[in-house]
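Asks: Have a look at this one before I ask anything.
Bear in mind these aren't lab numbers, they're just calculated from the coordinates by the rules spelled out. If you're wondering where the values come from, they're calculated on a predicted model, not measured in any experiment. No Cβ is skipped: glycine too gets one built from the backbone with ideal geometry, and neighbour counts run over all protein chains shown.
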Amino acid sequence: MIVLNFSGHILSEEAIAQLPDKPIGSVLLNVDFSKDIVEQIRDAFDKIDYDFNTPEQIAIVPPGLGSLASIIVAEIQGRTGQLPRIIVLSRDENKGIFLVNRVVDLEETKRGARSKRKLTGA
């Protein structure tokens with residue numbers, strides 16, 4: 001599994017130690033909202049030194065802005081054919097740092113949601 005950090009923050013050593021694999025890098029998103037957001041995110045992906053055609057699972061630390069996170073997820077699925085895993089961070093109040101709270105597999109989430117879908121005849 002590869003880990004891409006889109007959060008805009010450097011992960012603490014403790015958080016990195018909790019990850020299933022070491023991040024291959026942080027992806028700096030400096031989005032100009034007066035321009036095409038999708039193209040800016042696509043350009044950021046083009047600069048990542050990784051072959052998205054490999055079958056390896058991708059996990060991301062998403063940015064805090066939901067709209068950017070959604071576009072990133074769509075870009076990953078478009079490039080790999082799979083949804084990524086999402087690394088959820090939460091603040092450890094005692095240490096004052098963010099640590100890994102859980103890893104959510106969006107492919108499993110999608111399969112679970114499909115089991116709830118009611119199909120109707122056309």
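Asks: Between exposed chymotrypsin sites (Phe, Trp or Tyr not before Pro) in the chain, where DSSP calls loop and at most 16 other Cβ atoms lie within 10 Å, what's the longest gap?
Replies: On the way: sites that count: F33, Y50, F52.
Within the chain, the longest run free of exposed chymotrypsin sites (Phe, Trp or Tyr not before Pro) spans 53-122.
Asks: Nothing charged except the Cβ atoms of Lys and Arg (+1) and of Asp and Glu (-1): what's the magnitude of the dipole of the range 2-114 about its Cα centre? Round to the nearest 20 debye. Don't jump to the answer; show the numbers that get you there.
Replies: Numbers: 12 positive and 17 negative charges, 71 e Å.
Using only the charged Cβ atoms, the result is roughly 340 debye.
Asks: Work out Dmax and Rg for the chain from the C-alpha atoms and quote the Rg first, both in angstrom.
Replies: In order Rg, Dmax, the Cα atoms of the chain give 15.8, 56 Å.
Asks: Separate question: Roughly what % of DSSP beta bridges within the chain run antiparallel, to the nearest 5?
Replies: Numbers: 8 of 17 bridges.
Counting only bridges with both partners in the chain, antiparallel ones make up about 45 percent.
Asks: Further question: Positive end of the charge dipole of the range 2-114 (Lys, Arg +1 and Asp, Glu -1 on Cβ, about the Cα centre): tell me which of V104, F45, N5 has its Cα farthest that way.
Replies: Checked the options; the winner is V104.
Asks: Among all lysine pairs in the range 2-114 that are eight or more places apart or on different chains, how many have alpha carbons less than 27 angstrom apart? Walk me through the intermediate numbers first.
Replies: Numbers: K22/K47; K22/K95; K22/K110; K35/K47.
The result is 4.
Asks: May I ask you to list, by number, the DSSP H helices of the chain whose Cα span along the axis is at least 18 Å and whose average Kyte-Doolittle hydropathy reaches 0.0 or more?
Replies: Numbers: long enough: 66-80 (21 Å, 0.70).
Length and hydropathy pass: 66-80.
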